[in-house]
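Visitor: Okay, here's the structure, questions in a sec.
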Amino acid sequence: MGDNVRVENVEQAKQNQEYAQALADLLFQLADDDFILAYRGSEWLGLAPHIEEDVAFSSMSQDMMGHAVMHYQMLEDLGLGKADDLAQLREAGAFRNAILVERKNGAGEYNDNPHYDWAYAIVRSYVYGLYKQVRLESLLQSSYAPLALISRKMLTEHRYHLMHWQVWLKQLANSTKEARQKLETGIARVWEDAGELSSLGQNADNIVRFGLIAGEELLRQRWLANTKDIFQKAGLSWPGEPGVPTERGRLGEHTADLGQALATLSEVYRLDPVAKW
Amino acid sequence: MTNDKTTQQESQEAICLEMLQDVKDPEIPVISMVEMGMIHKVRVESGVVEVEVLPTFVGCPALDIMKKNISEKLIEVEGISDVQVRFVYDPAWTSDRIALDARDKLKSFGIAPPPLDFKPGDSWDVSCPYCDSVYTQLENLFGPAACRSILYCRHCKNPFEALKPIY
Ligand SMILES: [Zn+2]
């Protein structure tokens, strides 16, 4: 397999071990990002500003969970274990999500005095969503045909998520001084981690060489250009270059927040791995 | 011999497709999966029927129910010993696949059908399924199911749901 590969199915992918490895590494990033952020979204259930938002947020979390499941299924097809087990039974160090998606929603716990930060939720979902958009668009040209196909389908759903968060961003940006301040604090916090999103991890060279997705720098530039445009239209000042967290989630380094999330979401599954979740 | 077999296959496939008219989309009980444009292929070989289904949404929680409903329906067909349901994404399901007469059924159920031939950048104008007024407003992009939105008719003052354009 050279540089201009096209891999039609999983059997072909498995014929080249290096290709299969690069594909798996990318799939873990895609799956884990959506899976963990969908989990954080589901933790908002009953806590969103109003009932309509509750419905919308859980609907979007369900979409994202569905996207993660598709990617875990592709990993299962590659022979890396059962999709459900991949989601539920791996240790934190095996996760390849960016740190941004694992951060807690705010102070407190879901069952214990939650003081979640709605402005942070909006900015995190939107900034991640804008990156996901760029990533999915690039995946339309992926050398791995099944990934290109499913990405096209995901894009049709994802555009509605962006429309939703767009409304919230505008609303908060043009609301009271207090709301605006909360939004800016949210942006600052998201910005501390956001720079890691476009990282493709330690196998980045092979992932790009095999034509699975565009290079990090290209993805990053497209994403930042889109985000800058949206901030400008909302009348928000541009926070500059996004930072990267101390831990590198794409390399399997994570904060204690991920451990907490995994313990909670797999609690039921670990008790009875045969039950459907 | 070969011709006979083909005819038998064809008639079994036709029967299966006919039976699938009774399998509804669990989230929209007035419309069958055939009318939704979700049944891509029905193939019978040596008593095994293989059905290819195009999901409307990747994470649709109703997929497992659909699979079960299809299997239970088709196993009743004479000469069928096994049902295999596969979800495929090529071609991708789009809202233009909904049958034309099914669009009217949606309306009678109080759900506005998605616009036809929708293109990126088009504005989504929804007319009220009850009074046809275009004087409507979007209340929530996400309804109880991911594929639907909630709107409000300012003319007849009814809330209603609309299927999102998927293109
Ligand atoms: Zn009306």
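We did not get these values from a lab; they are worked out from the coordinates using the rules stated. This one's a predicted model, so the numbers in the text were calculated from it and none came from an experiment. Virtual Cβ from ideal backbone geometry, glycine too; neighbours counted across all protein chains shown.
Visitor: Work out the FRET efficiency for residue A:91 and residue A:221 from their Cβ-Cβ distance, taking R0 = 30 Å, and round it to the nearest 0.05. Can you show the working numbers first?
Guide: Numbers: r = 34 Å, r/R0 = 1.14.
Result of the calculation: an efficiency of 0.30.
Visitor: Treating only the Cβ atoms of Lys and Arg (+1) and Asp and Glu (-1) as charged, compute the dipole magnitude of the stretch B:100-163 about its Cα centre; round to the nearest 20 debye. Each step should come with its number before you reach the end.
Guide: Details: 7 positive and 8 negative charges, 31 e Å.
Value, rounded to 20: 160 debye.
Visitor: Further question on the same structure: Between A:230, A:20, A:138, whose Cα lies farthest towards the positive end of the dipole of the protein assembly as shown when Lys and Arg beta carbons carry +1 and Asp and Glu beta carbons carry -1, centred on the Cα centre?
Guide: Of the listed residues, the answer is A:230.
Visitor: Pairwise over distinct Cα atoms, reciprocal of the mean inverse distance: report the Kirkwood radius of the protein assembly as shown in Å, one decimal place. Walk me through the numbers before you get to the answer.
Guide: Working: mean 1/r = 0.0425 Å⁻¹.
One over the average 1/r among Cα pairs gives 23.5 Å for the protein assembly as shown.
Visitor: Build a GNM of chain B with springs between Cα atoms under 10 Å: which of B:129, B:91, B:26 gets the top mean-square fluctuation?
Guide: Result for chain B, Cα springs under 10 Å: B:91 fluctuates most.
Visitor: Expected output is a single nm value to one decimal: the length gained when fully extending between residue A:77 and residue A:8, i.e. 0.36 nm times separation in residues minus the C-alpha distance. What is it?
Guide: Details: separation 69, 0.36 × 69 = 24.84 nm, distance 1.35 nm.
Once the chain is fully extended between residue A:77 and residue A:8, it gains 23.5 nm.
Visitor: Taking amide H atoms as placed 1.01 Å from N in the peptide plane, list the residues 5 or more away in sequence, or in a different chain, whose amide H sits under 5 Å from that of residue B:154.
Guide: B:136, B:137
Visitor: If you don't mind, another one. Kirkwood Rh and Cα-based Rg: tell me the resulting Rg over Rh for the stretch A:10-271, rounded to two decimals. Display every interim value, and only then the final one.
Guide: Working: Rg = 17.8 Å, Rh = 18.7 Å.
For the stretch A:10-271, the value is 0.95.
Visitor: For the stretch B:56-70, what does the Karplus curve 6.51 cos²θ - 1.76 cosθ + 1.60, with θ = phi - 60°, yield as ³J(HN,Hα) per residue in whole Hz, taken in order and with x for Gly and Pro?
Guide: Once rounded to whole Hz, the list reads 6, 10, 4, x, 4, x, 8, 4, 5, 5, 4, 4, 5, 4, 5.
Visitor: Further question on the same structure: In sequence order, what are the phi-derived ³J(HN,Hα) couplings for the stretch A:231-245 according to the Karplus relation 6.51 cos²θ - 1.76 cosθ + 1.60 with θ = phi - 60°, rounded to whole Hz, with x for glycine and proline?
Guide: 4, 4, 5, 8, x, 9, 6, 7, x, x, 5, x, x, 10, x
Visitor: What's the angle, to the nearest 10 degrees (0 to 90), between helix A:51-77's Cα axis and the longest principal axis of chain A?
Guide: The helix A:51-77 is inclined about 20 degrees to chain A.
Visitor: Under a crude label model (7 Å from the Cα following the beta-carbon direction), how far is residue B:6 from residue B:71 in nanometres?
Guide: Label at residue B:6, label at residue B:71, 3.3 nm between them.
Visitor: When only C-alpha pairs under 8 Å and at least 6 residues apart count, what is the relative contact order of the stretch A:1-133, in percent? Each step should come with its number before you reach the end.
Guide: Working: 115 pairs, mean separation 34.5, N = 133.
Averaging sequence separation for qualifying contacts and normalising by length gives 26 percent for the stretch A:1-133.
Visitor: Treating only the Cβ of Lys, Arg, Asp and Glu as charged (+1, +1, -1, -1), what charge dipole size does chain A show about its Cα centre? Round to the nearest 20 debye.
Guide: Numbers: 28 positive and 39 negative charges, 162 e Å.
Using only the charged Cβ atoms, the result is roughly 780 debye.
Visitor: Using the beta-carbon distance between residue A:176 and residue B:156 and R0 = 35 Å, what value does 1/(1 + (r/R0)^6) give for FRET efficiency, to the nearest 0.05?
Guide: Values: r = 35 Å, r/R0 = 1.00.
It comes to 0.50.
Visitor: Just flag the GluC sites (Glu not before Pro) in the stretch B:1-103 sitting in loop per DSSP whose Cβ has no more than 13 other Cβ atoms within 10 Å.
Guide: On the way: sites: B:10, B:13, B:18, B:27, B:35, B:45, B:50, B:52, B:72, B:76, B:78; in loops: B:27, B:35, B:76, B:78.
Passing sites in the stretch B:1-103 are B:76, B:78.
Visitor: Compute, for the stretch A:1-157, the length of the dipole vector about the Cα centre, with Cβ point charges of +1 (Lys, Arg) and -1 (Asp, Glu) only. Units Debye, rounded to 20. Could you put the intermediate results ahead of the total?
Guide: On the way: 13 positive and 24 negative charges, 69 e Å.
The calculation lands at about 340 debye.
Visitor: Mind checking B:147-156 for the average number of partner chain beta-carbons within 10 Å of each residue's beta-carbon?
Guide: That average works out to 1.
Visitor: Something else about it: How far is helix A:17-42 tilted off the main Cα axis of chain A, in degrees rounded to 10, range 0 to 90?
Guide: Helix A:17-42 and the main axis of chain A meet at about 20 degrees.
Visitor: Turning to a different aspect of this structure: Per residue of A:151-162, what is the mean number of Cβ atoms on other protein chains within 10 angstrom of that residue's Cβ? Mind dumping the intermediate values first?
Guide: Numbers: counts 1, 4, 11, 5, 1, 11, 9, 1, 4, 8, 2, 0.
Average per residue, whole number: 5.
Visitor: Quick one: A:264, A:246, B:94, fewest Cβ neighbours within 10 Å first, how do they rank?
Guide: Details: A:264 14, A:246 9, B:94 18.
By the 10 Å Cβ count, ascending: A:246, A:264, B:94.
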